[in-house]
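Working notes for the structure below.
The values are calculated or read from the model by the stated rules, or taken from the named source; none is laboratory data. These numbers come from a predicted model, not from an experiment. Cβ placement follows ideal geometry from the backbone for every residue including glycine, while neighbour counts extend to all protein chains displayed.
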Amino acid sequence: MDKLLISGGKPLSGTIDISGAKNAALPVLASTLLTSETVLIRNVPQLNDIATTITLLQSMGVEIVFDEQLNISADAKEVNERRAPYDLVKTMRASILVLGPLLARFGEADVSLPGGCAIGARPVNLHVRGFRAMGAEVSIENGYIRARSSKLKGAHIVFDTVTVTGTENLMMAATLAEGTTVLENSAREPEVCDLAKCLVSMGAKIKGAGTSTIHIEGVSSLSGTDHTVLPDRIETGTYLVAAALTRGNVRLNHTEPGHLEAVIVKLKEAGADVSLGDNWIEISMHGRRPIAVDIKTTPYPGFPTDMQAQFCAMNTVAKGVGTVTETIFENRFQHALEYQRMGADIRFEGNTAVCRGVESLHGAPVMATDLRASAGLLLAGLAAEGETLVDRIYHVDRGYERIEEKFRKLGADIQRIVG
Ligand code: EPZ
């Protein structure tokens, strides 16, 4: 198993490019199942989760071709297998996103139930309830969600909880349903808008993506398209915090500052000087130690849960006391237990981590438990004195493209130990 070895304590400085968003590319790849025509997808990050999705699509019969720029053409003319097997779903929960497209276009889908994961229970009951509301027969058999429908019907669906992939799955299914579907209490994340943009360019009739009420008027078929995936706001935020906690200054190009408002507000509160352009962000600490901040995760446009571990890392070395309250996932503080092993002063009160910043952390061997926890551990390692060895970094490779290359470009001392 690969590990990353970091020798910390150096301020990061320099410029890097941000990659396409993993969480936008995944649903867009799934949406290629909705059409028999070719879909060209640009700005797809090279990540393990993308490779898993491609394997899944190929196992169903979708033809995938990469061009020299690594853009992906997906051709789902022949789809002979309408099943997402346990072996793939267990490594990537987002595989559930093929359910909506398969059911809508072919009337059948068998997708393994994802089960729990390191950050919480993560049920898919709201996806299932939505498909049932659209007239599908859905049962759970041998660990699989078995969904059947001769023709999905438009429905009025109110989500109990804001769910990102739930909104995306039902929005995709509704594009080919008979009649109009209204999704209320929908997720407003930029990745939902990016998927809607792709679907609209395929001929779907969608209004209101980016608001909490989405209207989808079903059409009889969708066409191919050419779609460019939006920049990754979580990757952007991760490098911004890396600059803040190492007291550095960094410029990030090819990003979308408008998607990071909640994060930028908190970085400014932490004492960062942040400048924004059309597609770039610059952050500078002018050598200052960050000030601890209070954050509470909520659905977009609130503070993202996917940035919580990174801010928690910043608070460990910041001036003062900061609280991090997690409201989306019930078990998302594994990273904080590892920060404690590096000398962080953190105590827990229910779903809040209260952190009193220390002058510096000390390097230690630590274990990544999920994708964003591993990002947090890398940041803690960059800020710490001495060496930090981060184990199980396959989690990092699921969601950060060429991470050690990018950190090295910013002056970090980081190397991969292949094991
Ligand atoms: C998406 O996961 C992201 N994944 C996650 O990114 C992200 O953390 C999460 O949204 C929240 O922003 C992708 O987009 C592929 P949810 P998703 O459904 O859609 C509850 C990363 O590190 N819920 O919005 O699976 C659920 O338990 C990750 O890149 C139900 O109760 O999350 C949670 O408490 C990890 N029933 C809340 O809703 C359901 O049927 C929000 O989850 C569905 C969800």
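List of remarks:
- Residue in the stretch 5-13 that is over 24 Å from G218 (Cα atoms) and free of Cβ contacts under 8 Å to residues at least 60 places away in the same chain present: no
- Among the conditions (1) under 20 Å from N23 (Cα atoms); (2) more than 23 Å from the chain's Cα centre (by Cα); (3) aliphatic (A, V, I, L, M), the only one that A173 does not satisfy is (2).
- Residue count, the stretch 106-116 (criterion: more than 14 Å from the ligand (Cβ to nearest atom) and crowded, with 21+ Cβ neighbours inside 10 Å): 1
- Among the candidates L183, L195, L126, residue that is among the aliphatic types (A, V, I, L, M) and surrounded by fewer than 24 Cβ atoms within 10 Å (Cβ to Cβ): L126
- In the stretch 254-296, residue nearest to T352 (Cα to Cα) [restricted to those that are in contact (Cβ under 8 Å) with a residue 40 or more places away in the chain, part of a strand (DSSP E or B) and of a type in the set (A, V, I, L, M)]: I283
- Scanning the stretch 20-46 for residues that are surrounded by fewer than 24 Cβ atoms within 10 Å (Cβ to Cβ) and in contact with an Asp or Glu (Cβ under 7 Å, 6 or more places away or on another chain) gives T38, L40, P45, Q46.
- Of the strands (runs of 3 or more DSSP E) lying entirely inside the stretch 347-419, those carrying at least 1 residues that are without any contact (Cβ under 8 Å) to a residue 60 or more places away in the chain are 352-356, 365-367.
- Filter result for G237 (out of contact with any Phe, Trp or Tyr (no Cβ under 7 Å at 6 or more places or on another chain), modelled with pLDDT of 95 or more and more than 30 Å from I291 (Cα to Cα)): no
- Residue match in the stretch 297-311 (condition: within 14 Å of the ligand (Cβ to nearest atom), in a strand (DSSP E or B) and surrounded by 16 or more Cβ atoms within 10 Å (Cβ to Cβ)): yes
- Residue match in the stretch 129-143 (condition: among the polar types (S, T, N, Q), modelled with pLDDT of 95 or more and touching an Asp or Glu at 6+ places or on another chain (Cβ under 7 Å)): no
Listed here are the residues, each with its yes/no results for (1) touching a Phe, Trp or Tyr at 6+ places or on another chain (Cβ under 9 Å); (2) modelled with pLDDT of 95 or more; (3) buried (at least 20 other Cβ atoms within 10 Å of the Cβ).
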{"site": "V241", "(1), (2), (3)": "yes, yes, yes"}
{"site": "H254", "(1), (2), (3)": "yes, yes, no"}
{"site": "V265", "(1), (2), (3)": "yes, yes, no"}
{"site": "K268", "(1), (2), (3)": "no, yes, no"}
{"site": "S275", "(1), (2), (3)": "no, yes, no"}
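- Subset of the stretch 328-346 (residues that are assigned to a loop (DSSP other than H, G, I, E, B) and closer than 20 Å to I295 by Cα): I328, F329, E330, N331, R332, F333, A344
- Selection count, the stretch 56-105, where residues are within 16 Å of the ligand (Cβ to nearest atom) and among the hydroxyl-bearing types (S, T, Y): 2
- Residue match in the stretch 260-267 (condition: touching a Leu at 6+ places or on another chain (Cβ under 9 Å), hydrophobic (A, V, I, L, M, F, W, C) and away from the ligand (no atom under 16 Å from the Cβ)): yes
- Extreme residue, nearest to the ligand (Cβ to nearest atom), among residues of the stretch 7-31 that are touching a strand residue (DSSP E or B) at 6+ places or on another chain (Cβ under 8 Å) and more than 30 Å from L361 (Cβ to Cβ): A25
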